[in-house]
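Just below is one structure, and these are the notes that go with it.
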Amino acid sequence: MKPSTRFIATPIALAFSLLSLPAMAQDTKPAMQGPPSTNATSTPSHAQKSQDVVEQRIKDLYAELKITDKQAPQWNAFAQTMRDNAQKTRTAFHDRAQKLSSMNANDAMSSYASLAQLHADNMKSLASSMRDLYSVLSDDQKAIADSAFRNENPKHASMHKHEANATKTAPATMPISK
C-alpha cells in the first residue's frame, strides 16, 4: 500500500462507519419525506450520495419504529441530530482531504485525532437524542430499536458488512522501519 493511501485508508473507514451508524437518522417532520431529488441528467456528488444514505436510514428507521404523532418531537430531534452529525462528518472529511497532500506526519495524525474526537462528540449527542426518543417508545418499538441498534436487522446487514470490510482494509498501525 502506498504511504499516501495508508494515511487516507483509516479516515475513510471511519467515514463509512459514521455514515452507516443507525444513530445518524433524523427527520424534521413526522410525515417522512424522500431524499432530495437530483437532476436525472447529472451524477450525484459524493456529498449528495452520503446525504441520501442518511436520509434513507432515517426513513427506514421511522417506518420500522412506527413513530406516532405523539412521539414526533423526540423523533424529530433524533433525526436532526443524525443529519447534523453526518454534515459535520462530511465537512471534516472534505476539509482533511483538501489539506492532506500538504500535511506532514504530525499534521496528519492530529487531523485524524480530530476526526476521532468528532466521532465521539457526535455519538454523545446522538446517545442523548436516543435516550429522549427511547423514553417515549412503546415496549414493541423498544424491541425493534434494540435489535436495530445491535445490528441484528438483516435489512441493514449489508451496510454494516461494508463498514467491516472498509475497516479491514485500513491498517491499524503504521509499520515500523528498521
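The values are calculated or read from the model by the stated rules, or taken from the named source; none is laboratory data. Values in this document were obtained by computation on a predicted structure and should not be read as measured data. Cβ coordinates were reconstructed from backbone atoms using ideal geometry, including for glycine residues, and neighbour counts include every protein chain displayed.
Assorted remarks:
- Close pairs (8 angstrom Cβ cut-off, 6 or more residues apart or separate chains): farther than 21 Å from Lys142 by Cβ in segment 114-132, surrounded by fewer than 12 Cβ atoms within 10 Å (Cβ to Cβ) and not charged (D, E, K, R) anywhere: none
- Summed over segment 65-88, residues that are charged (D, E, K, R), in a helix (DSSP H, G or I) and over 25 Å from Lys49 (Cβ atoms) total 2.
Here is a yes/no grid of residues against (1) modelled with pLDDT under 95; (2) surrounded by 12 or more Cβ atoms within 10 Å (Cβ to Cβ); (3) small (Gly, Ala, Ser); (4) closer than 26 Å to Phe149 by Cα:
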site: Leu100; (1), (2), (3), (4): yes, yes, no, no
site: Asn104; (1), (2), (3), (4): no, no, no, no
site: Leu118; (1), (2), (3), (4): no, yes, no, yes
site: Asp121; (1), (2), (3), (4): no, yes, no, yes
site: Tyr134; (1), (2), (3), (4): no, yes, no, yes
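- Residue, nearest to Gln48 (Cα to Cα), within segment 89-107, restricted to residues that are of a type in the set (A, V, I, L, M) and within 22 Å of the chain's Cα centre (by Cα): Ala92
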